[in-house]
1. Which count do you get for residues in region B:134-176 that are of a type in the set (K, R) and surrounded by fewer than 24 Cβ atoms within 10 Å (Cβ to Cβ)?
2. Considering only residues of region A:27-62 that are under 29 Å from B:K90 (Cβ atoms) and within 12 Å of the ligand (Cβ to nearest atom), which is nearest to the chain's Cα centre (by Cα)?
3. Suppose the filter is within 15 Å of the ligand (Cβ to nearest atom), surrounded by 14 or more Cβ atoms within 10 Å (Cβ to Cβ) and either within 14 Å of another protein chain (Cβ to nearest Cβ) or assigned to a loop (DSSP other than H, G, I, E, B) (or both); does A:V68 pass it?
4. Name the residue that is nearest to the ligand (Cβ to nearest atom), counting only residues in region A:71-90 that are without any contact (Cβ under 8 Å) to a residue 24 or more places away in the chain and of a type in the set (K, R).
5. Within region B:173-208, count every residue that is in contact with a Pro (Cβ under 8 Å, 6 or more places away or on another chain) and more than 11 Å from chain A (Cβ to nearest Cβ).
6. Looking at the structure I just gave you, is B:K169 touching a residue at least 40 places away in the same chain (Cβ under 8 Å) and closer than 17 Å to B:S102 by Cβ?
7. Please work out which one of (1) assigned to a strand (DSSP E or B); (2) farther than 18 Å from B:E189 by Cβ is the condition B:R178 fails and give its number.
8. If I go through region A:71-90 residue by residue, how many of them are crowded, with 16+ Cβ neighbours inside 10 Å and facing another protein chain (nearest Cβ under 10 Å)?
Amino acid sequence: MTQVQDMKLDGNAIAGLLREIFAVEMTTARGTCASCGAVNEVGRVEVYIHAPGTVVRCPDCEQVLMRVVHGRGRYWVDMTGVRCLEFAES
Amino acid sequence: MRDTQRLMGFVSRGFRGKRRDTASSSRVPPGQYVVTDFPVLSAGPTPRVEVDQWTFSIEGEIDEPRRWTWKEFQALPTETVTKDIHCVTKWSKLDTSWKGVSVDTLMEGVETAAEFTTIYSDGGYTTNVPLDDITGNKAWVVYEFDGQPLQPEHGGPVRFLVPHLYFWKSAKWVRGIRLEKDEHPGFWESNGYNMYGDPWREQRYWGD
Ligand SMILES: [Zn+2]
């Protein structure tokens, strides 16, 4: 029990990891659609930008993969439609 | 020379301001500009619905859910309204004319414990609006724009119209109203956009 607690860190421990992940060139990344399971490269997905935010959809089933809203100097990113994102290290 | 430029700048600024005043400023919420065309916004592919497949429903917190076919819906009393609309992407369009059915007509006699609603559409789009904001002559389910059948890119055959809130609340391709006791954030409201969306208070994003 104490051992488990000792192993638990706070969010600062992943700061470097997240910085590395989110700074990577993503056009050749591959996402798995949470709805239909299709795997598609970012370059192949369907994107709608004439909207209050950016909507990314699966080219196989048209379900939403990602929603990105940008405003007031902030981003809101929903990725519940992407089950797994695979990409090469930088 | 410099003084002249300054004066010119002052004059043209003042002139522009005045023109906007007389035309519209009391009708244009903060941060918005007026357009004369009708921009098309879409978060997904345009659904193609045959009217003989189309229905409109009121469901959720209601003893007997209501449902109209296209033919039944066309037989309901209609209203033609002229409203200003305000898109959160900052354009406003004045004096838009719509024909459709008032939500009051659809809700006539409905007893409900609901205080909130989810407006839902073909293609999976949803938006949340308090019940008080779609009743009391504030919202319509419309199928004509400017005297013509509503085009698919603008939400045809039928869209929602709740013009006192930002236009993302006026869901395109609408298929029904779900009456709810609790507020459930819709497509944009769950990802940064404001739960209420009053253009006069610039309620664009979370925290506004
Ligand atoms: Zn898919």
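1. Residues flagged as of a type in the set (K, R) and surrounded by fewer than 24 Cβ atoms within 10 Å (Cβ to Cβ) within region B:134-176 amount to 3.
2. Among those residues, the one meeting the criterion is A:V56.
3. Judged against the criteria, A:V68 is not a match.
4. Ranking the candidates gives A:R74 first.
5. Number satisfying all stated conditions: 6.
6. Spelling it out, B:K169 is indeed touching a residue at least 40 places away in the same chain (Cβ under 8 Å) and closer than 17 Å to B:S102 by Cβ.
7. (2)
8. Selection size over region A:71-90: 3.
The values are calculated or read from the model by the stated rules, or taken from the named source; none is laboratory data. Quick caveat, the model's predicted, so the values are computed rather than measured. Quick reminder, even Gly has a Cβ in these numbers, built from the backbone with ideal geometry, and neighbours come from all protein chains shown.
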